[in-house]
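**Q** Just passing along the structure, written as structure tokens.
The values are calculated or read from the model by the stated rules, or taken from the named source; none is laboratory data. Note that the coordinates shown come from a computational prediction; the quantities given were computed from them, not determined experimentally. As a convention, Cβ positions derive from the backbone with ideal geometry for all residues, glycine included, and neighbour counts pool all protein chains shown.
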Amino acid sequence: MTDTLLSVRNLKKHFAVSGGLFKRVVDHVHAVDGVSFDIGKGETLGLVGESGCGKSTTGRCILRLIEPSAGEVWFEGSDVTRMNHDALRSLRRDMQIIFQDPYASLNPRLTVGAIIGEALQIHNLSPTRKAMEERVVELLETVGLQPDHLFRFPHEFSGGQRQRIGIARALAVEPKLVVCDEPVSALDVSIQAQVINLLEDLQEKFGLTYLFIAHDLSVVEHISDRVAVMYLGRVVEIAPSRALYETPLHPYTEALLSAVPIPDPTVKRKRIMLQGDVPNPIRPPSGCHFHTRCPIARPDCSERDPQLLEKRPGHWVACHYRG
Amino acid sequence: MAETLLDIRGLKTWFKTDDGMIRAVDGVSLHLDRGETLGIVGESGCGKTVTARSVLKLIDMPPGRFEAGQILWQGRDLIPLSSEEMDKIRAREIAIIFQEPMTSLNPVYTVGNQIAEVLSQHQNLSKKQAMQGAVDMLRLVNIPNPQKRVHDYPHQFSGGMRQRVMIAMALSCKPKLLIADEPTTALDVTIQAQILELMQEMKDKLGMSIMLITHAMGVVAETCQRVVVMYAGKVVEEAPVGALFGNPRHPYTQGLIRSIPRVDRAAAHRDRLEAIPGTVPSLLQPPVGCRFAARCKYAMDICVREMPPLKEVGPGHRVACVL
Amino acid sequence: MAGSTPVSLTADPDTGAAVVIRPTKQVRFSPMREAWRRFRKHRLAMMSSVILGFILVAVLLGPLVWRVPINEIDFAAKLEGPSWAHPLGTDDLGQDVLARLLYGGRISLAVGLAAMLVACSVGVLIGAIAGMSRGYVENALMWLADLFLSLPPLPLLLLIIYLFRESLKGFFGPEGGIFIMVVAVIGGLRWMQVARLVRAQILSIREKEFIEAARALGASPVRQVVRHILPNAMGPVIVAGTIDVAAAIIAESTLSFLGLGFPPDIPTWGRVLFDAKDTIDIAPHWAIFAGAAIFLTVLTINFIGDGLRDALDPRRVL
């Protein structure tokens, strides 16, 4: 059993919605509605779900790029949500993030060297200019780019290469935990494989811990040790990767898995069709958020919130009737 | 013997830019028969979208031009047709749906209005009849409460619903061919499953053929009967779906299939994905020989010198490779 | 994408652990270079740049070359058309029009430039603060901008001139005082558009992921603004700046034309036009040349602004 590096407890983020004649706060978007999980040192936890489930918001709340509304995030013995400005600044060395959009996550006016070097500058990691340049070159090579790329601008690179630059930037501060927010979703399939392999190599080389956020279940299953499934702001299931895919317990997970297209025409599966659309996160359904689309929903599902319970060793489910 | 509806022969669609001539589609030949779903698969920049739009001549003609080739629709070449003649073909015989339902629908008109507009343009209907036709179409695509929803605006629908509306619009004149350009890429996987099933249902009910453009091999495997693989503006492989996945002959197809992580495989998920190294060549000055040679692990001298022609390697199975 | 170079994973250079290969600095395609390249394609803008450059050189160096004094009164030669001695003719006092226009041009252009700098500095500062803050600070600043926008510029100008002309004259001398006043008023009434532009740009750039990335690295808000947001926001501001120069020149000309600007002996272009207006029927050359100077300068500046707008179009760079 590895040590726990990150521990999220009952994290919530509600965005205020203003409206009406006087622009008062009339409602809240319950983007993250009570999320809890642990990540062990050196492990990759996959966080998967469809749009609006709150996975990206969760990732950003952990880094406090977005201020959580409630809950705790424990990292190496301190609660991130209560840290003051200075502590937060040094936290930035321990926790980093890789973004989804390779075209928007790099400043188009800075050279690659400046983009990566900024990390070193902010935290005073390289005493001299020469040392900084050498370190940036080292990082570029680590992610599979050439030293010459130091002087180039982002628009001269392809999507996959830009993503590598973003990874190099995150690695510059030598973080312990890296939140990967849909890092390959915007890339072509053949480039995805390159970047996934790179992330795995880097994890092994530097002992990194990943929170891998994505909507593509195949990718998440491949790279993660354990997977957490989110629906409408809540975690509905957490399990080791293989167990989740072989024996999913939550009805939503089952439906999600059955909807993933398999690149093999000979495989025939029974598809579980969910009816309707994802409900509005401003007024989520009462009780279990999934009950409006759940094939096995019963009357009390709309009355009581299901708790995330360990129904099998290492396999947690939030459902009254499963497990 | 299947009746060929669409026969594209040697199509070259080029674009004039400040930097030179972009050869987006550079000699593409493919055909589509009645009642089948043809998948055109490839990564960004391969020319699949330009091919699809060329069929309906939806390319902006100042920068774009048809350098060569024919597009035969039921024996008749579409390229020399005037826009009035093309208007008779669009929506009535060939319809198209796009990837982004949010931007494909006009936000200031109701959904019913937009569908009715398509109907009245191609058939002599009164306003009332056209509206009724719109309601019928909404019902056909399984939108609940169509009489009420026909008066709603696009922003009042979710992404999946909007795509259904797009499909309703496209099918309103009962075309023989539906071109679907990445119809589910922007949708969640459970909604994607719904839309793909809807398209299949429509195909059966209306006796339609579908040309499905996508980069997702999984979607292709589940929905298409025949597949065309494109790379850098050219067709590299064409086969019935079972033969393509069971026995891919072109190294690019092989690499593509092997680089996709699979949810259903029991393989140790920490295995490296087989990635195709390198990136797509520039379409401004494409390489003289085989365009995949730079990234191909089997590349030989002849590959760099000459472009291999499509040769038949099995029933309905053609490959552009010397192997 | 044009210009992307394929990187082959298998062709990794052997760097070993001991030696770090020093990267070679070649000419790179910075966004500035790309913008310059696009500007060069805009023929009207390039021609205008040349013409404006010529005007600038003429105005700066002309009086050193064409040494005819600007206020040599010679009633015998009054209101003469263009001749070898006086290429642009003479005015009603026999003074050389060319010399006066060259000298006055310095002032007109200096006013234009200075007013633009005032407008842009104030505008960028206020716009940046408004763009970066939320809540009542932002609202208050925008309300202030709206207030200024509803002030009628010309009457306000006249009022301020009336109120402060004497005191400024006393402080900075007749020319200096008027210069400061005109620049302050023109610039002070044009900062609002710049502020709005800057704020709008900041609002849109602030949401971009590379700003979030900077925050995630630990960049302070000041660093975010100065290093990341402002350089990307400057495009429209530069374009607005060139328009401001043109507008300021016209404003100064208007003031002088109304007899309210610089003292009568200073031949700013507007002043010359004011003097020329009474004898337009018998000596049209005087007014025409003065008017042409203003017209040509403003026209070229506007075309350059067009060229800059196309060159700096953010959709192209990103």
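**Q** Can we say A:Ile165 is surrounded by 22 or more Cβ atoms within 10 Å (Cβ to Cβ), under 23 Å from A:Leu65 (Cβ atoms) and within 9 Å of chain C (Cβ to nearest Cβ)? Steps first, please.
**A** Details: surrounded by 22 or more Cβ atoms within 10 Å (Cβ to Cβ): yes; under 23 Å from A:Leu65 (Cβ atoms): yes; within 9 Å of chain C (Cβ to nearest Cβ): no.
So A:Ile165 fails the test.
**Q** What's the number of the condition B:Ala275 fails, among (1) within 17 Å of B:Lys48 (Cβ to Cβ); (2) small (Gly, Ala, Ser); (3) part of a loop (DSSP other than H, G, I, E, B)?
**A** So B:Ala275 meets the others, but not (1).
**Q** What single numbered condition from (1) of a type in the set (D, E, K, R); (2) farther than 18 Å from C:Trp269 by Cβ; (3) surrounded by 15 or more Cβ atoms within 10 Å (Cβ to Cβ) fails to hold for C:Arg33?
**A** (3)
**Q** Taking strands (runs of 3 or more DSSP E) that do not extend beyond region B:1-76, which have at least 2 residues that are touching a Gly at 6+ places or on another chain (Cβ under 8 Å) and not hydroxyl-bearing (Ser, Thr, Tyr)?
**A** Per the criteria, B:4-17, B:20-33, B:64-73.
**Q** Let me ask you something else. Residues that are over 30 Å from A:Asn124 (Cβ atoms) and away from chain A (no Cβ under 14 Å), at least 3 per element: which helices (runs of 4 or more DSSP H) completely within region C:123-241 meet that?
**A** Passing ranges, in order: C:136-149, C:153-188, C:191-206.
**Q** Could I ask something else about it? Taking region B:271-284 on its own, how many of its residues are at pLDDT below 80 and more than 7 Å from chain A (Cβ to nearest Cβ)?
**A** Applying the first criterion (at pLDDT below 80) to region B:271-284 yields B:271-272.
Restricting the remaining residues to those that are more than 7 Å from chain A (Cβ to nearest Cβ) gives B:271.
Total satisfying the criteria: 1.
Listed here are the residues, each with its yes/no results for (1) part of a loop (DSSP other than H, G, I, E, B); (2) in contact (Cβ under 8 Å) with a residue 12 or more places away in the chain.
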site: B:Gln129; (1), (2): no, no
site: B:Met137; (1), (2): no, yes
site: B:Asp152; (1), (2): yes, yes
site: B:Ala180; (1), (2): no, yes
site: B:Leu198; (1), (2): no, yes
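**Q** Kindly provide the set of residues from region B:134-160 that are surrounded by 24 or more Cβ atoms within 10 Å (Cβ to Cβ) and within 23 Å of the chain's Cα centre (by Cα), ordered by number.
**A** If the condition is that a residue be surrounded by 24 or more Cβ atoms within 10 Å (Cβ to Cβ) and within 23 Å of the chain's Cα centre (by Cα), then B:Met137 is the only one that fits.
**Q** Taking the criterion of being in contact with a Pro (Cβ under 9 Å, 6 or more places away or on another chain), buried (at least 18 other Cβ atoms within 10 Å of the Cβ) and either on the phi > 0 side of the Ramachandran plot or modelled with pLDDT under 90 (or both), would at least one residue in region B:228-236 satisfy it?
**A** yes
**Q** Here is a further query. Here is a list: B:Gly233, B:Gly207, B:Gly242, B:Gly218. Which entry is free of Cβ contacts under 8 Å to residues at least 12 places away in the same chain and of a type outside the set (Ser, Thr, Tyr)?
**A** Working: B:Gly233 fails: free of Cβ contacts under 8 Å to residues at least 12 places away in the same chain; B:Gly207 fails: free of Cβ contacts under 8 Å to residues at least 12 places away in the same chain; B:Gly218 fails: free of Cβ contacts under 8 Å to residues at least 12 places away in the same chain.
Only one candidate qualifies: B:Gly242.
**Q** I would also like to ask the following. Exactly one of (1) surrounded by fewer than 21 Cβ atoms within 10 Å (Cβ to Cβ); (2) within 13 Å of chain B (Cβ to nearest Cβ) is unmet by A:Gly160. Its number?
**A** It is condition (1) that A:Gly160 fails.
**Q** Could you please find all residues in region A:128-148 being part of a helix (DSSP H, G or I) and either more than 8 Å from every other protein chain (Cβ to nearest Cβ) or in contact (Cβ under 8 Å) with a residue 40 or more places away in the chain (or both)?
**A** Across region A:128-148, the qualifying residues are A:Arg129, A:Lys130, A:Ala131, A:Met132, A:Arg135, A:Val136, A:Leu139, A:Leu140, A:Thr142.
**Q** Still on this structure: Between C:Ser48, C:Ser83, which is touching a Phe, Trp or Tyr at 6+ places or on another chain (Cβ under 6 Å) and either modelled with pLDDT of 85 or more or not acidic (Asp, Glu) (or both)?
**A** Values: C:Ser83 fails: touching a Phe, Trp or Tyr at 6+ places or on another chain (Cβ under 6 Å).
Unique residue meeting the criteria: C:Ser48.
**Q** Additional query: Taking the condition of being in contact (Cβ under 8 Å) with a residue 40 or more places away in the chain and either in contact with a Leu (Cβ under 7 Å, 6 or more places away or on another chain) or at the interface with chain B (Cβ under 8 Å from one of its Cβ atoms) (or both), how many residues in region A:239-278 meet it?
**A** So the count comes out to 6.
**Q** Can you name the number of the only condition in (1) more than 8 Å from every other protein chain (Cβ to nearest Cβ); (2) crowded, with 18+ Cβ neighbours inside 10 Å; (3) among the charged types (D, E, K, R) that A:Arg109 fails?
**A** Going through (1) more than 8 Å from every other protein chain (Cβ to nearest Cβ); (2) crowded, with 18+ Cβ neighbours inside 10 Å; (3) among the charged types (D, E, K, R) one by one, A:Arg109 breaks only (1).
**Q** Pairs only if they're at least six apart or on different chains, beta carbon under 7 angstrom, first in region C:166-183 and on the phi < 0 side of the Ramachandran plot and among the charged types (D, E, K, R), second surrounded by 14 or more Cβ atoms within 10 Å (Cβ to Cβ) and in a helix (DSSP H, G or I); list them, first residue then second.
**A** So the pair list comes out as C:Lys169/C:Gly177.
**Q** Take A:Gln121 and decide whether it is part of a loop (DSSP other than H, G, I, E, B), surrounded by fewer than 22 Cβ atoms within 10 Å (Cβ to Cβ) and facing another protein chain (nearest Cβ under 10 Å). Before you say what the answer is, go through the steps one by one.
**A** Working: part of a loop (DSSP other than H, G, I, E, B): no; surrounded by fewer than 22 Cβ atoms within 10 Å (Cβ to Cβ): yes; facing another protein chain (nearest Cβ under 10 Å): yes.
When the stated conditions are applied, A:Gln121 does not pass them.
**Q** Which of the residues that make up region B:281-323 are out of contact with any helix residue (DSSP H, G or I) (no Cβ under 8 Å at 6 or more places or on another chain), among the small types (Gly, Ala, Ser) and surrounded by 20 or more Cβ atoms within 10 Å (Cβ to Cβ)?
**A** The answer is B:Ser282, B:Ala320.
**Q** Here's something else I'd like to know. So if I check each of C:Ile280, C:Ile250, C:Ile238, which one is more than 25 Å from C:Ile178 (Cβ to Cβ), touching a residue at least 12 places away in the same chain (Cβ under 8 Å) and surrounded by fewer than 21 Cβ atoms within 10 Å (Cβ to Cβ)?
**A** Details: C:Ile280 fails: touching a residue at least 12 places away in the same chain (Cβ under 8 Å); C:Ile250 fails: more than 25 Å from C:Ile178 (Cβ to Cβ).
After ruling out the rest, the residue left standing is C:Ile238.
**Q** Restricting attention to region C:43-100, which residues are within 30 Å of C:Gly305 (Cβ to Cβ), surrounded by 14 or more Cβ atoms within 10 Å (Cβ to Cβ) and of a type in the set (D, E, K, R)?
**A** C:Arg100
**Q** Any chance region A:69-81 includes a residue that's at negative phi and in a loop (DSSP other than H, G, I, E, B)? Walk me through it before giving the result.
**A** From region A:69-81, those at negative phi are A:69-70, A:72-75, A:78-81; that's our starting set.
Then keep just the ones that are in a loop (DSSP other than H, G, I, E, B); that gives A:69.
Yes, region A:69-81 contains a residue that is at negative phi and in a loop (DSSP other than H, G, I, E, B).
**Q** A further question follows. Any idea which of A:Leu125, A:Leu91, A:Leu63 is in contact (Cβ under 8 Å) with a residue 12 or more places away in the chain, in contact with a helix residue (DSSP H, G or I) (Cβ under 7 Å, 6 or more places away or on another chain), among the hydrophobic types (A, V, I, L, M, F, W, C) and farther than 30 Å from A:Tyr252 by Cβ?
**A** Numbers: A:Leu125 fails: in contact with a helix residue (DSSP H, G or I) (Cβ under 7 Å, 6 or more places away or on another chain); A:Leu63 fails: farther than 30 Å from A:Tyr252 by Cβ.
Of A:Leu125, A:Leu91, A:Leu63, the one residue that is in contact (Cβ under 8 Å) with a residue 12 or more places away in the chain, in contact with a helix residue (DSSP H, G or I) (Cβ under 7 Å, 6 or more places away or on another chain), among the hydrophobic types (A, V, I, L, M, F, W, C) and farther than 30 Å from A:Tyr252 by Cβ is A:Leu91.
**Q** To continue, here is another question. For region B:285-299: of the residues being part of a loop (DSSP other than H, G, I, E, B) and closer than 20 Å to A:Ala193 by Cβ, which is nearest to the other protein chains (Cβ to nearest Cβ)? Break it down stepwise before answering.
**A** Within region B:285-299, the subset part of a loop (DSSP other than H, G, I, E, B) is B:285-292, B:296-299.
Narrowing further to those that are closer than 20 Å to A:Ala193 by Cβ: B:291-292, B:296-299.
Numbers: B:Arg291: 12, B:Phe292: 11, B:Cys296: 12, B:Lys297: 9, B:Tyr298: 14, B:Ala299: 12 Å.
Across region B:285-299, the extreme among qualifying residues is B:Lys297.
**Q** Return the pair list, or none, for Cβ contacts closer than 9 Å from residues in region C:145-165 that are of a type in the set (D, E, K, R) to residues that are part of a helix (DSSP H, G or I), at least 6 apart or on different chains.
**A** C:Asp146/C:Met192; C:Arg165/C:Gly177; C:Arg165/C:Ile178; C:Arg165/C:Met181
**Q** Select from region A:23-62 the residues that are in a loop (DSSP other than H, G, I, E, B) and crowded, with 24+ Cβ neighbours inside 10 Å and list them in ascending order.
**A** Of everything in region A:23-62, those that are in a loop (DSSP other than H, G, I, E, B) and crowded, with 24+ Cβ neighbours inside 10 Å turn out to be A:Gly49, A:Cys53, A:Gly54.
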